[in-house]
Structures are given as C-alpha cells and as structure tokens.
1. Using a 7 Å offset from the Cα along the Cα-to-Cβ direction at both Glu452 and Asp115, what is the distance between the two label points in nm, to one decimal?
2. With N set to the residue count of the chain, report its C-alpha Rg divided by 2.2 N^0.38 Å to two decimal places.
3. For segment 170-305, what's the relative contact order in percent, using C-alpha pairs closer than 8 Å and at least 6 residues apart?
4. Between Asp367 and Gln338, what length in nm is gained on full extension when 0.36 nm per residue of separation is reduced by their alpha carbon distance?
5. Of all GluC sites (Glu not before Pro) in segment 210-249, which ones are in loop regions per DSSP and have a Cβ with at most 12 other Cβ atoms within 10 Å?
6. Run the simple label-point estimate for Ile400 and Asp155 please: 7 Å along Cα→C-beta, distance reported in nm.
7. Please give the direction-averaged projected area of the C-alpha convex hull for segment 407-499, in square nanometres with one decimal.
8. For segment 40-167, state what percent of all Cα-Cα pairs lands in each successive 10 Å bin, counting from 0 Å until the bin that includes the largest distance.
Amino acid sequence: MAEEAAVRAQAETVRRLKQDKADADEIAKEVAKLLEMKAQLGTDEGKQKFVLKTPKGTRDFGPKEMAIRERAFKAIISCFKRHGAEVIDTPVFELKETLTGKYGEDSKLIYDLKDQGGELLSLRYDLTVPFARYLAMNKITNIKRYHIAKVYRRDNPAMTRGRYREFYQCDFDIAGQFDPMIPDAECLKIVHEILSDLQLGDFVIKVNDRRILDGMFAVCGVPDSKFRTICSSVDKLDKVPWEEVRSEMVGEKGLSPEAADRIGEYVQLHGGLDLIEQLLQDPKLSQNKVAKEGLGDMKLLFEYLTLFGIAGKISFDLSLARGLDYYTGVIFEAVLLQQDNEHLEEPLSVGSVAGGGRYDGLVGMFDAKGRKVPCVGVSIGIERIFSILEQRLEASEEKIRTTETQVLVASAQKKLLEERLKLISELWDAGIKAEMLYKKNPKLLNQLQYCEETGIPLVAIVGEQELKDGVVKLRIVATREEVRPVARWGWLCDLSAQLKPA
C-alpha cells in the first residue's frame, strides 16, 4: 500500500510539473505576442501613429445623448413594470451551439469568438435565444420578464438610421401555457403604449401569423424545403418592391414562376377583421388546416385588440414574414409612418421600431426531453428610436439637461469653503442632489452663471451675514427670485418644499 501511495504521489508531482511548464509556455507565448504588438505600434518617440476611432458600426455617447437615452429607457422600463414583468440578465456571449440554427439566413451575422479555453463562443445576436436557454436550463415554465442589454450583429451598419453592430435591445416576454391570444394581445398593447408615450409620431403595427404564411406557401405550391428561404424573401417586401422579391425567389431560390405569382396575389393584401373574414372564406386557404388555425387565432386577437382600444393602429399584413426561424405563430412589427415636421427639412423614415412574435418551440430545442414552454415577446428597436429623438431635439434646439442636480451650494464672500462643505454634506446626507464649485473663493456671479448653463434650479447661498443670523438664503435661478432666509435648523425642510414638482 505504501509503495502504491508513493507511486501515485510521484505521478502527481510529475503531472503538476508538466502543467506548470505548460502554463509557463503559454504565458511566454502571450508575452511574446504583446511584445510583437508593441513593436508594430512603434516606440513613444517614433513617428508612427494610429487612428483614434470607434470600431465600425459602434459609437460613443456623450452626456447629452445619454440624457436622451435615459429618458427613453425610463419610459420603456416603466411600461414593462406596469405590466408586471420581472427583470433578468444573461451573459454577453453564449456557447456557439446555443445560437446555431436559430436565426435562419441571418446566422451569418453572428460574431464568433476565438477559442480561448476549450469553448467555442459567440456574442449574443439577440436576447430571445439566451432567454429560451435560461428557461430550459433552470426548468422555468412560467415567467413574465424584461431584459435590456446590448447585442451584436456583423451587419452592414447605417448609423444615421440607427443601425449598428453593437446596440441595445429592450425585450418583454411572456412564457407559459395560457389561453390563446391573451398574452399576444398584451404584447401589442405594450408596443402601442411605448410608442405613444415616446411621442414619435404616427405609427402602425403590422401583424401576421407564421401558420398563415406556411399555409399560404403550401397552397401556392412552395415545396416544404423552401418554406423558410421563401419566407426570408417575403420579409424584404417592406424595403424592396414585389418585382425584386419575385425575381429573387425565382432566379436565386429556384421557385417556379407560377408559385411566385400565386404568392404575389396574397402578400400584397392588408387590412383588418374584414380581410380575416375574407381569407377564412378563401377556397384554397380555408382548406389548409394550418392556415385556418392561424386565421382563427388572428380573428380572436383582433377582438382582444378592439377591447384594448388599439385595433385602429393594427394592420393584418400578409407581407409581414420576419425571417427568424424560431417564430411559430403570431408575428408583428411596428413601423413609423413617414411624417412631415416643421423642425425638419426632410421627413424621417427609419423603418421598423419594434418587432416580435410567438415562439412556442424554441425552449424545447434546449430541453433534453424536448419539453416545450410556449412564449411570446416583443423587442423595442431602441437605437432607431434614439436616432429620431436625437434628430428632433437637435432640430428644435431644446436645451438638454445632462445632470439631475437640484441645488448649488454657493458662497457670497471669500473664505467660506468650510461652510459650503458643511452645507453640501447636509444635502447629500438628506438625499438631495447637490453640487458646488471646486474653488476656495469662487465669485458669486460665476456660481450663478454655472446654474444657468447647467439648468440647476436652486442656489443655496451662505454669506457672512447669513452666518451671523443663522440662516441660509435660497434663490430660484430661473426667476432670480430670492426666497426669504431660512433658519439653519429648518432649512432642509424648506428646501425640500421648493424642490417638489408643481
């Protein structure tokens, strides 16, 4: 036994030595790479310079842009919470196999990462697939959640239209087994609430159903193997005319001209309940079980949307396809209508600002036993919304506050730094947002000008006379009106009253 233990110990020592050597070799390789990169950049004294820029399809956001973003995020999060959603977060990268086969032709846009530790990883393409993985991994069958985070797509960016390679998505999803179309209707109500609240202008929410599309493809003579690729072509109808889409389906994807023409008769239809009733009587579609089921649910959806009072903003549109492979039922997309604005030289047209749908089979793809969790969700196209808000505010020349400071602590004479520090500490401890200038003896005029430039509404002024009288003087910056001096022991109460919104 002792000999066996000695042999095992010796083997373990050899293994550790080999591992240490391997680690040392790896470190040496990394150091060599870093030295090589440094040599390529040149020494500090050299003339070689690199261009300071953000990577293609990304951008920096300064204080003004972030103030606009926070305003929009606040409205969106408020809506999500109003509808009872919990919040989750997931890693920015996933195992490559998690994302593979979920996005159809868009899979080519996924960013793959270099193998750095025995795992093949990819940056997340959206927040829906990670959510489905999260549900399956944690065996969750019922949840209403929202998730706001960055996603990554190796796309051709169009920065002026809010199309980036790194961008935020704001997702709301309902997972669980419920009666048909009730959660779907709530998702559409949420889109309507957010777009109305942000006052982006007139909009329409297009809706369709993957089952109606599949049934339509079947009765038009599209082979089962071509359903998804033809669906991807139809999805382009909001950007290019039917003739181009038809040419792609026939010329590039091998669909017969007759089948393409039959599809063309359907995908150019849009309307409301009347169109649904018309299609339920269609001699071809009504004979297709899948299409008939989808049309029945679409009729039920419109009944609920009418009860919500938003049916007037919803359009049943047979050209809406949404190319992602995981959709199984209702799909929808919100589009801003082109509008004239007196502040803008040209009307804005930024395309889709929200989209989503039902994906009942996605969670089952991650479950070992294939157990399904029905899901429906919506994603707000926040970057495009930001682009509109930024352009409008720039055109209107409205001044944007980039801080939330409520009061500036100022002094009227020199040598009052200690008193200012005492006062501002009181404010911070009381939860009031306050600032002071970082000078020992700032001029009162400079302090007041700083308030006007940054939009700080109130100034708390301490001077020699105020110190003698044991008071603090409050001044309203906008009107330059001075509030009566307040006793030091009660000045925080008086200040809090001044800060309450009217």
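1. Here the answer is 6.6 nm between the modelled labels.
2. 1.31
3. Numbers: 95 pairs, mean separation 49.3, N = 136.
It comes to 36 percent, rounded to a whole number.
4. The span from Asp367 to Gln338 would gain 6.1 nm if fully extended.
5. none
6. Result: 2.1 nm between the two label points.
7. Details: hull surface 21.3 nm².
That works out to 5.3 nm².
8. It works out to 10, 28, 33, 21, 6, 2, 0, in whole percents.
Read the figures in this text as sums done on the coordinates, not as results from a lab. Everything quoted here is computed from the prediction, not taken from an experiment. In this analysis, Cβ positions are derived from the backbone assuming ideal geometry, glycine residues included, and neighbour counts consider all displayed protein chains.
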